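The structure under discussion appears below in the form of structure tokens.
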Amino acid sequence: MKELFPKDFAWGAATSAYQIEGAACQDGKGESVWDVFCRQPGRVYGGHTGDVACDHYHRFDEDFSIMESLGIRNYRFSFAWPRLLPEGTGAVNQKGLEFYDRLIDSMMAHGIMPHATLFHWDYPYALFCRGGWLNDDSPGWFAEYAELLARRYGDRVKNIFTLNEPQCFIGISCFDTFHAPGIKFPVKDCLAMAHNVMLAHGKSVQAIRASAPGAAIGYAPTGRYYHPASERPYDVEAAREATFDVNEGDWTFSVAWWSDPVILGRYPQKALEQLEPLMPKIKPGDMELISQPIDVYGQNIYNSAPVKAGGSGYEVVPYGPGHAKTGFSWPVTPECLYWAPKYLYERYKLPIVITENGLSAIDTVSLDGKVHDSSRIDYIQKHLLALARAAEDGVDLLGYFHWSLLDNFEWNSGYNERFGLVYVDFQTLERTPKDSAAYYSKVVESNGGSLSGTWGDL
Ligand code: FCB
């Protein structure tokens with residue numbers, strides 16, 4: 001079997017703290033905005049909370065044994081900020097520090113390499129009460145937290161992502177309101193928060209460099225992606241333009257608003273001009289701080305929309321009737337893992353890690369005790385073949401992390417969406433690796449070689 005990915009490609013699976021840990025009120029952990037949000041009636045599907053989640057806090061060793069048996073040797077997880085700093089800054093919770101020591105040591109004892117995300121949305125409620133990202137001290141708070149983590153865990157954790165998807169924790173949380181804190185702020189305030197978030201990223205990069213020299217540092221945003229409706233050059237150009245286009249009305253979920261400052265050191269010009277009257281004051285030195293050099297560009301990519309060249313540039317093409325979709329009703333578009341990495345690599349010129357990609361499906365345990373999730377196998381196969389094509393074309397790809405290792409708390413959808421390679425029974429907390437886990441395991445073992453097999457070979 002021909003290997004389809006570079007040697008040393010990091011095959012992994014991803015999770016985040018609030019979605020799997022549970023133990024929300026244990027061992028001195030402070031509250032996060034998600035703890036508070038989940039208790040507000042009507043916010044989360046079925047009134048679900050992350051109080052217990054997958055109980056990974058007590059069962060991580062079992063979860064790492066499963067990963068080891070599958071041969072998945074890279075794990076992207078996140079630290080829960082309020083578990084470590086219950087008030088967000090200041091006093092450190094020793095039991096929190098010790099928990100992550102145990103977690104990291106166990107992972108490594110199972111032969112799994114840690115890839116840590118510092119912040120995956122569970123913002124300390126105490127800091128939210130002090131103005132959260134609107135407070136100009138917030139970049140400093142985040143840098144203090146980053147420094148604590150780098151000092152304590154930098155000897156073992158060599159791959160660090162600063163922030164997960166600012167598009168979500170600002171865009172769909174403070175502008176749209178379906179994620180915590182779920183409060184609508186004026187655009188002017190959202191822009192100020194965004195600027196502070198990017199300053200926080202830059203300051204944390206400096207803190208990590210100082211305390212954990214040698215760590216590879218990345219950023220893990222998401223965005224809206226587009227693929228060309230045909231491979232004719234003008235459609236390819238139209239999809240590239242659409243991918244980085246950003247306007248005053250759609251900046252919150254765009255790629256360029258959140259990545260151009262961080263990588264290129266400047267806000268995208270057109271949207272900046274449109275938004276100028278609402279922009280916070282950009283102080284001298286801000287853009288240099290925001291664009292501290294980083295080592296890898298992480299990107300969470302789930303789907304993309306087709307685009308063709310049109311009268312004034314590009315035109316989004318509607319998906320055809322009956323287009324494939326996931327359990328969440330997200331469109332299935334394997335092209336996203338070819339075109340998005342290609343366009344991102346051309347623009348940002350940094351090695352790329354796919355920090356998340358996956359789907360929710362309507363999974364059930366069959367009478368034979370197994371979970372036959374053929375739609376996930378199909379998704380993995382098609383998306384990874386598209387990614388292999390990007391590697392073949394010369395995109396510098398370092399790794400792929402499937403979202404997710406475990407079925408977990410899918411934010412405002414609660415436990416209603418199952419994204420895991422491993423099924424979790426939320427009554428008994430029993431874990432059952434799905435058929436897709438076995439499939440993915442073969443892909444990992446063969447470095448993509450098994451992807452070209454047909455259903456008969458699966
Ligand atoms: C991403 C999030 C991740 C998970 C997946 C499905 O936006 O980063 O936590 O919820 O979507």
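The values are calculated or read from the model by the stated rules, or taken from the named source; none is laboratory data. These numbers were taken from a predicted model, which means no experiment stands behind them. Cβ placement follows ideal geometry from the backbone for every residue including glycine, while neighbour counts extend to all protein chains displayed. Note: accessible area is taken over every heavy atom of the protein model, side chains too, but ligands, DNA and RNA are not part of it. Shrake-Rupley method; radii C 1.70, N 1.55, O 1.52, S 1.80 Å.
Some observations on this one:
- Here G265 fulfils each of the conditions (1) modelled with pLDDT of 95 or more; (2) out of contact with any Ser or Thr (no Cβ under 6 Å at 6 or more places or on another chain); (3) open to solvent by less than 70 Å² (accessible area, probe 1.4 Å); (4) more than 16 Å from the ligand (Cβ to nearest atom) apart from (2).
- Scanning segment 311-323 for residues that are in contact (Cβ under 8 Å) with a residue 40 or more places away in the chain and either over 18 Å from V246 (Cβ atoms) or among the aliphatic types (A, V, I, L, M) (or both) yields V316, V317.
- Of residues in segment 171-185 being surrounded by fewer than 23 Cβ atoms within 10 Å (Cβ to Cβ) and hydrophobic (A, V, I, L, M, F, W, C), the one nearest to D295 (Cα to Cα): I172
- Failed condition for S204, given (1) hydroxyl-bearing (S, T, Y); (2) surrounded by fewer than 23 Cβ atoms within 10 Å (Cβ to Cβ); (3) touching a helix residue (DSSP H, G or I) at 6+ places or on another chain (Cβ under 7 Å): (2)
- Residue match in segment 90-102 (condition: open to solvent by less than 10 Å² (accessible area, probe 1.4 Å), without any contact (Cβ under 8 Å) to a residue 60 or more places away in the chain and not in a helix (DSSP H, G or I)): no
- Pairs with Cβ under 7 Å, 6+ apart, first in segment 132-146 and within 15 Å of P280 (Cβ to Cβ), second among the polar types (S, T, N, Q) and open to solvent by less than 20 Å² (accessible area, probe 1.4 Å): G132/S138; W133/N196; D136/N196; S138/N196; P139/N196
- Here segment 422-440 is the region considered, the condition is being surrounded by 18 or more Cβ atoms within 10 Å (Cβ to Cβ) and among the β-branched types (V, I, T), and the residue that is nearest to D373 (Cα to Cα) is V422.
- Which listed residue is in a loop (DSSP other than H, G, I, E, B) and modelled with pLDDT of 95 or more, from G28, G12: G28
- A residue that is within 16 Å of the ligand (Cβ to nearest atom) and either more than 18 Å from R209 (Cβ to Cβ) or in contact with a Pro (Cβ under 7 Å, 6 or more places away or on another chain) (or both) can be found somewhere in segment 145-164.
- Residue identified as in contact with a Phe, Trp or Tyr (Cβ under 9 Å, 6 or more places away or on another chain), among the aromatic types (F, W, Y) and touching a residue at least 40 places away in the same chain (Cβ under 8 Å) among Y234, Y225, Y267: Y225
- Test for M193: is it away from the ligand (no atom under 16 Å from the Cβ), in a helix (DSSP H, G or I), closer than 28 Å to R224 by Cα and under 18 Å from the mean Cα position of the chain (by Cα): no
- Within segment 22-38, the set of residues being surrounded by 22 or more Cβ atoms within 10 Å (Cβ to Cβ), in contact (Cβ under 8 Å) with a residue 60 or more places away in the chain and among the small types (G, A, S) comprises G30, S32.
- Residue within segment 439-456 that is touching a residue at least 12 places away in the same chain (Cβ under 8 Å), within 16 Å of the ligand (Cβ to nearest atom) and on the phi < 0 side of the Ramachandran plot present: no
- Hits in segment 48-63 - residues which are of a type outside the set (A, V, I, L, M), under 28 Å from H110 (Cβ atoms), open to solvent by less than 60 Å² (accessible area, probe 1.4 Å) and assigned to a loop (DSSP other than H, G, I, E, B): G50, C54, D55
- Those residues of segment 352-374 which are open to solvent by less than 10 Å² (accessible area, probe 1.4 Å) and away from the ligand (no atom under 16 Å from the Cβ), in sequence order: I352, V371
- All strands (runs of 3 or more DSSP E) inside segment 349-458 with 1 or more residues being more than 25 Å from F161 (Cβ to Cβ): 422-424, 431-433
- Flag if D407 is surrounded by 16 or more Cβ atoms within 10 Å (Cβ to Cβ) and within 16 Å of the ligand (Cβ to nearest atom): yes
- Residues considered: G369, G399, G414. Of these, the only one that is in contact (Cβ under 8 Å) with a residue 60 or more places away in the chain and under 30 Å from R266 (Cβ atoms) is G399.
- Selected residue (only one of G218, G214, G249 is free of Cβ contacts under 8 Å to residues at least 24 places away in the same chain and either open to solvent by 30 Å² or more (accessible area, probe 1.4 Å) or in a strand (DSSP E or B) (or both)): G249
- Filter result for Y45 (open to solvent by 40 Å² or more (accessible area, probe 1.4 Å), under 25 Å from P181 (Cβ atoms) and touching a helix residue (DSSP H, G or I) at 6+ places or on another chain (Cβ under 6 Å)): yes
- Test result for F161, outside any helix (DSSP H, G or I) and surrounded by fewer than 20 Cβ atoms within 10 Å (Cβ to Cβ): no
- Filter result (open to solvent by less than 80 Å² (accessible area, probe 1.4 Å), over 25 Å from A220 (Cβ atoms) and not β-branched (V, I, T)) within segment 299-326: P306, A309, G310, G313, Y314, G320, H323, A324
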